[in-house]
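See structure below.
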Amino acid sequence: MANNDISRFFGAADRALIEAAVKEAEKRTSGEIVPYAVAGCDEYEVARWRAASLGALLGALVAALAFHYGNFWGGLVDFWIAVPPAVGAALGYVLALAFPALRRSLIPRELLAERAAQRAAAAFLEQEVFATRERTGILILVALFERRVVVLGDSGINANVKQHEWDGIVAEIVAGIKAGTPGQALAAGIGKCGELLERHRVTRRADDFDELPDYLRTENRH
């Protein structure tokens, strides 16, 4: 999954909108919001092999139907037994590579959610979201392939805001991704994060300063 997939989802205007939303949200609270986008959380090789298996079964079915209704196998029995399943398997594998929606449909929803949660936990450390004096960092992970959003707060946030309180914000960002407006949805979600923190009195100190960068961070290892 290439980094240019992220660039296609989040153009320059989207990134500017997201950064402005972070700055605005942090004016009212000591929370430090870190938006982070990844093209995907796993290669999901299992989905490709499932597609290959389905393709092989379909190839075998087509060969059986051809024999039953056409009766033109002739002396090429070995060919008809071996080749259609192999062609079907190869075609299924290639189609799963070419079409992310097909690949995603072959992956259990629980596995997509699990991989997104694991990637968020890793990103929390990689991006040093914990590096604030009052432990008020918040990671918002957007996993584009999985169409999942994970919000992780540091201990200073979790003392005030419970994980279930992020659920409505998460759902709205996910809806925006599915609707094709991930930049606007993420910016709006960031704004609502700021409102939530303000309601829970995660207040801004007089000597507060911007401890973490405000821009959209992206996966850079693919």
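The values are calculated or read from the model by the stated rules, or taken from the named source; none is laboratory data. Being a predicted model, the structure only gives us computed values, none of them experimental. Using ideal geometry, Cβ is built from the backbone for each residue, glycine included, and neighbour counts are taken over all protein chains shown.
Quick notes
- Inside region 126-150, residues that are farther than 11 Å from Tyr36 by Cβ, under 18 Å from the mean Cα position of the chain (by Cα) and of a type in the set (A, V, I, L, M) make up a count of 1.
- Scan region 10-46 for residues that are in contact with a strand residue (DSSP E or B) (Cβ under 7 Å, 6 or more places away or on another chain) and either farther than 15 Å from Pro100 by Cβ or in a helix (DSSP H, G or I) (or both) and the total you get is 12.
- Exclusive hit being among the small types (Gly, Ala, Ser), free of Cβ contacts under 8 Å to residues at least 24 places away in the same chain and over 23 Å from Pro213 (Cα atoms), set Ala175, Ala89, Ala122, Ala96: Ala175
- Of the criteria (1) of a type in the set (D, E, K, R); (2) assigned by TED's automatic domain parsing to the domain that holds Gly183; (3) modelled with pLDDT under 95, which one Glu19 fails: (3)
- Residue count for region 174-222, restricted to those that are over 16 Å from the mean Cα position of the chain (by Cα), among the β-branched types (Val, Ile, Thr) and modelled with pLDDT of 90 or more: 1
- Between Val149, Val129, Val174, the distinction of being in contact with an Asp or Glu (Cβ under 7 Å, 6 or more places away or on another chain) and either surrounded by 13 or more Cβ atoms within 10 Å (Cβ to Cβ) or not assigned by TED's automatic domain parsing to the domain that holds Lys27 (or both) belongs to Val129 only.
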